[in-house]
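Notes for the one structure printed next.
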Amino acid sequence: MRRILLSFAAGLLAWGSAWPAAEDLPDIGTPADATISQNDEYQIGLMVVKGLRDAGRILEDPETTEYIQSIGSRLASHAQDGRQRFTFFVVKDPSINAFALPGGFVGVNEGLILATADESELAGVLAHEIAHVTQRHVARSIQAEGRSSLVSAAAMLAAILIGATTGVSADVMTGAIAVAQGAAAQQRLNFTRANEYEADRIGIGTMAASGFDPQAMPAFFETLGRRMGLQGSQVPELLQSHPVTTARIAESRNRARQYDIPLPPDSISYGLTRERLRLLSLSTGTDARTYYSQYLATEKVRTDAQRYGQALSLMQSGAAEEAIPILQGLSEKHPDVMQYRSALGEAQMATGERQESLSTFARALTLFPRNVPLTVRYAEALMRADQPKKAHEILLDLFNTVYPTPEQCRLIALAANSAGDVGDAYYYMSEYHVMSGELMLALNQLQLALAVPNLSEVQRARFQARLEELREYLPKGKARVAAGPPDKGSSRPDPQPRPHLAR
C-alpha cells in the first residue's frame with residue numbers, strides 16, 4: 001500500500017516539473033480554489049521541499065541561496081499582486097532542469113545555472129516557472145481532468161504526509177518520483193502543452209517588466225535543443241519536461257520582439273554565483289585547485305569572477321594563504337562587492353589570522369548591514385574564534401528583520417547553545433521545526449526550553465506564549481500535524497505559523 005501511495009506522490013511532483021504558461025490572465029479564482037486550495041498547494045509543496053532537504057538535495061550555500069532568491073523575488077514582484085509567497089532554491093544536481101512545485105516553491109538545478117550564457121537566460125527559466133505557480137496549473141489540471149484527479153490528488157498528498165511522518169526514506173520517495181515522472185507527463189501532455197505556451201507568454205512579459213531581455217527565454221531553449229539534439233538520451237531534462245517545438249520557439253520570439261528594452265548587463269552576483277557553483281558541484285575527491293587551473297587554461301580572458309573562483313578553489317584545496325592576495329586585490333578594486341570581502345574574511349580565518357578575519361567581517365558589515373550571507377559567514381567566524389555570544393547577537397539582529405532558512409535557524413540555535421543560553425537554543429530549534437512543518441517537535445522543544453532552570457521572566461513568558469500559540473494550530477484529536485491552518489488575518493495563504501525570533 002505504501003508503494004502505491006508513493007507512486008501517487010511521484011505523479012504530483014511530475015506535474016511540478018512539467019508545467020509552464022499567457023498574456024491575458026485567465027480567471028482561475030473560484031473554480032481552482034474549489035478543486036484544491038492555495039493552502040493545500042502550499043502544504044504539498046512544503047512536504048516535497050522537506051523531503052528534498054532531508055535527502056540532502058538542496059544546496060545550503062548562503063551566497064547562492066541569497067542570489068537565486070533575490071533574482072526570483074525580483075521577477076515574482078512583477079508577476080503577481082503579492083498574495084503568493086515564493087521560495088527559490090538550488091538543487092544539487094548537474095542535470096539541466098528547473099521545476100515549480102505547488103505553493104510557490106521553485107527549484108533550479110546547479111547544472112541549469114551553469115548552462116546559461118547570461119543572467120537573462122536564467123531569469124527566463126525562473127519567469128516561466130513562476131508563471132506555472134501564479135496561473136495555478138496544478139489546480140487547473142486537476143479541475144480539467146475531473147473527479148478522478150481529485151481522488152489521485154488526495155492519495156498523493158497522503159503519500160507525502162506518510163513519507164514525512166512514518167520515516168519512509170527520502171531516497172525511496174525521490175526514486176518513485178523519478179520513475180513516475182515520464183508517465184505522468186505523457187498522460188497530461190495535451191493540457192501541459194497549453195500550459196507551456198501560457199507560461200512562455202506570461203514569463204516573457206514578466207522578464208520585460210523586470211528589466212531582463214525577453215529574447216533570452218526562447219534563445220535558451222533553442223540553444224539547448226540545438227546543442228544537445230532533440231532525440232535520444234542526450235535531451236536535457238528541462239526539454240523533456242518542457243517540450244520545445246519550432247512553433248513554440250517562433251511564437252515566443254515574436255512575442256519577445258514586442259518589448260523594446262535595452263539589453264541589460266549581467267549583475268556581478270550572476271558571475272560570482274556561477275563560479276561558486278562550478279566548485280561546489282565538483283564530485284567528491286576532485287582536486288579543486290587542479291580542476292580550476294585546467295578550466296582557466298581554456299579561457300581566453302580571465303575575468304574578476306574567475307579570479308574569485310580561483311581563490312575559492314585555493315581555499316577548498318587547503319591553500320587559503322594563496323587566496324588572500326587575490327581576494328585583497330579584488331576587494332580593493334571592487335569595494336562595493338560583498339562576496340570578495342566575505343571570502344577574504346573566510347580565507348584569513350582558515351590561515352589562523354583570527355583578528356584580521358574578524359576585522360574584515362566587521363568592516364564589511366558596516367558597509368552591508370544585515371546582509372544575509374555576510375552575517376552568516378561572520379557568525380561562523382565568531383564561533384570559530386570562541387565568541388558565540390557575539391555570533392548570537394548579530395544573527396538575532398539579522399533574523400528579527402529577515403526571514404531565515406531552516407539551516408540559518410539551526411545556526412542561531414547552535415550559537416545560543418554555545419553562548420550558554422540553553423533556553424534560547426531550545427526556542428530557536430522549535431522555530432526550526434516550525435519551518436519544517438513539524439509542530440509536535442516544535443512543541444517538544446518549547447517544553448524543554450521551559451524546563452531549563454534560571455530562565456528570566458521575559459524568557460519564560462515568551463516561551464509559554466509561543467507554546468500556547470502553536471497549540472492553536474493543532475487540529476482537535478490529532479497527535480501529529482505537518483502544518484497549521486492559514487492566518488485568517490492575511491490576504492495570502494499561510495498554512496503554518498511563521499517563526500518568531502524576537503526577544
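If the condition is being in contact with a Lys or Arg (Cβ under 9 Å, 6 or more places away or on another chain) and of a type in the set (Phe, Trp, Tyr), then region 403-434 contributes 403, 427, 428, 432.
Being aromatic (Phe, Trp, Tyr), surrounded by fewer than 21 Cβ atoms within 10 Å (Cβ to Cβ), farther than 17 Å from residue 341 by Cβ and in contact with a Leu (Cβ under 9 Å, 6 or more places away or on another chain) is true of residue 291. Could you tell me whether residue 212 is modelled with pLDDT of 90 or more and part of a loop (DSSP other than H, G, I, E, B)? Spelling it out, residue 212 is indeed modelled with pLDDT of 90 or more and part of a loop (DSSP other than H, G, I, E, B). With respect to the conditions (1) within 30 Å of residue 267 (Cα to Cα); (2) buried (at least 21 other Cβ atoms within 10 Å of the Cβ); (3) modelled with pLDDT under 85, residue 6 lacks only one, and its number is (1). Taking the criterion of being hydroxyl-bearing (Ser, Thr, Tyr) and either touching a strand residue (DSSP E or B) at 6+ places or on another chain (Cβ under 6 Å) or modelled with pLDDT of 95 or more (or both), the residues of region 314-346 that qualify are 331, 340, 342. Selection of region 189-200 for residues being surrounded by fewer than 21 Cβ atoms within 10 Å (Cβ to Cβ) and either farther than 30 Å from residue 267 by Cα or at pLDDT 90 or above (or both) yields 189, 190, 191, 193, 194. Please verify whether region 336-347 includes one or more residues that are outside the structural domain of residue 110 (by TED's automatic domain parsing), more than 28 Å from the chain's Cα centre (by Cα) and surrounded by fewer than 23 Cβ atoms within 10 Å (Cβ to Cβ). There is no residue in region 336-347 that is outside the structural domain of residue 110 (by TED's automatic domain parsing), more than 28 Å from the chain's Cα centre (by Cα) and surrounded by fewer than 23 Cβ atoms within 10 Å (Cβ to Cβ). Does region 99-113 contain at least one residue that is at pLDDT 95 or above and aromatic (Phe, Trp, Tyr)? Checking region 99-113: not a single residue is at pLDDT 95 or above and aromatic (Phe, Trp, Tyr).
Could we say that residue 325 is surrounded by fewer than 23 Cβ atoms within 10 Å (Cβ to Cβ), within 24 Å of residue 270 (Cα to Cα), assigned by TED's automatic domain parsing to the domain that holds residue 288 and over 29 Å from the mean Cα position of the chain (by Cα) here? In short, yes. Restricted to helices (runs of 4 or more DSSP H) entirely inside region 369-467, no element has at least 3 residues that are under 27 Å from the mean Cα position of the chain (by Cα), at pLDDT below 95 and surrounded by fewer than 18 Cβ atoms within 10 Å (Cβ to Cβ).
The values are calculated or read from the model by the stated rules, or taken from the named source; none is laboratory data. Predicted model, so just to flag it, every value in this text is computed and none were measured. In this analysis, Cβ positions are derived from the backbone assuming ideal geometry, glycine residues included, and neighbour counts consider all displayed protein chains.
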